[in-house]
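Heads up: the structure comes next, in structure tokens.
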Amino acid sequence: MTLIVQPAAKENALQRGEVQMASNAHDPLMKSFLPDAPYDVQVKFFGEATSMDLEKPGFRSLEVIDTESDGKVVAFAQWKYPTPSNGMEKLGFEEMGFPDGTNIPFTENVFTLYNGLMKKYYDPDTMYYLAYMYVLPAYQRRGLGQRLMEQALLDADKDGAKSFVCASEQGRGMYAKRGFKELETVLVDFIHLGAVGARNTTAMIREPSQV
């Protein structure tokens, strides 16, 4: 099996949407965003949202393809490098119009919670930011997450810059291995707004290593 990290390609948008859905199949937050939208609508929405970020200054979108499976996308990540002129730029899925079947009250409250954590701990002028990273379940525990972080963390070290992530419970240990330290854990609980469950998210920061 040959797994290659490459810049994300616009034509792979739907595959990235499928990866995002599969990797979050048991995540109560993901299951609560578009509860009444068909699967193909959700895949299209999340996939196209990733493509909106490809041309933005400061954004670095990466994907892992399996060359022995017709080059299918099996993992991807979105980094945002420090961009003083742009400030707190929105991600693609925050800019798109949500499709029918979206739980709007839940979605708006989740955005507010995460934006609050970011304003508290993340400086877009000086920090690297891992916005999201997803790996197909069948390809997890093969080091793909580490590979999707490697170049950005090297760049951060060269710049003497901190790196920031809001980590799920599943990913927190992986980030800790790369030097991220926990700052604050928040319970994302909007069951009263129709969410199917609740889970923690943890703001984490990594200090640059000496190079």
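Just so you know, all these numbers are worked out from the coordinates, no wet-lab data involved. The model shown is predicted, which means the values in this text are computed figures rather than measured ones. So basically every Cβ, Gly included, is an ideal-geometry build from the backbone, and we count neighbours across all protein chains shown.
Summary of values
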{"read-out": "Taking region 3-206 and dividing mean pair separation by its residue count, relative contact order in percent (alpha carbons under 8 Å, at least six apart)", "value": "23"}
{"read-out": "Built amide H within the under 5 Å cut-off of PHE59, gap 5+", "value": "TYR81"}
{"read-out": "Low-density loop positions, GluC sites (Glu not before Pro), region 32-82 - DSSP coil, at most 14 other Cβ in 10 Å", "value": "GLU55"}
{"read-out": "³J(HN,Hα) computed for each position of region 129-138 - Karplus, 6.51 cos²θ - 1.76 cosθ + 1.60, integer Hz, glycine/proline x", "value": "9, 8, 6, 6, 8, 9, 9, 4, x, 5"}
{"read-out": "Whole-Hz ³J(HN,Hα) from phi, Karplus 6.51 cos²θ - 1.76 cosθ + 1.60, for region 105-116, glycine and proline x", "value": "x, 4, 4, 4, 5, 5, 4, 4, 5, 5, 5, x"}
{"read-out": "Dipole of the chain, positive direction: furthest Cα of HIS26, ALA161, ILE65, with charges on the beta-carbon", "value": "ALA161"}
{"read-out": "Amide proton proximity set for GLY71, modelled H, under 5 Å, gap of 5+", "value": "ASP66"}
{"read-out": "Per-residue Cβ neighbour rank within 10 angstrom, fewest leading, TYR122, TYR134", "value": "TYR122, TYR134"}
{"read-out": "DSSP loop trypsin sites (Lys or Arg not before Pro) with at most 14 other Cβ within 10 Å excluded, longest remaining stretch of the chain", "value": "1-89"}
{"read-out": "Residue of THR67, THR83, THR185 that the Gaussian network model of the chain assigns the largest fluctuation, springs spanning Cα pairs under 10 Å", "value": "THR67"}
{"read-out": "LEU193 paired with ASP36, simple spin-label distance in nm, labels 7 Å along Cα-to-beta-carbon", "value": "1.7"}
{"read-out": "Interchain or long-range residues, amide H under 5 Å from TYR128's placed H", "value": "LYS162, SER163, PHE164"}
{"read-out": "Cα-centred dipole magnitude for the chain, charges only on beta-carbon of K, R (+1) and D, E (-1), debye, nearest 20", "value": "620"}
{"read-out": "Which labelled figure in [x] 67, 37, 31; [y] 46, 39, 35; [z] 49, 43, 32 is Cα extents along the principal axes in Å, once derived from the coordinates", "value": "[z]"}
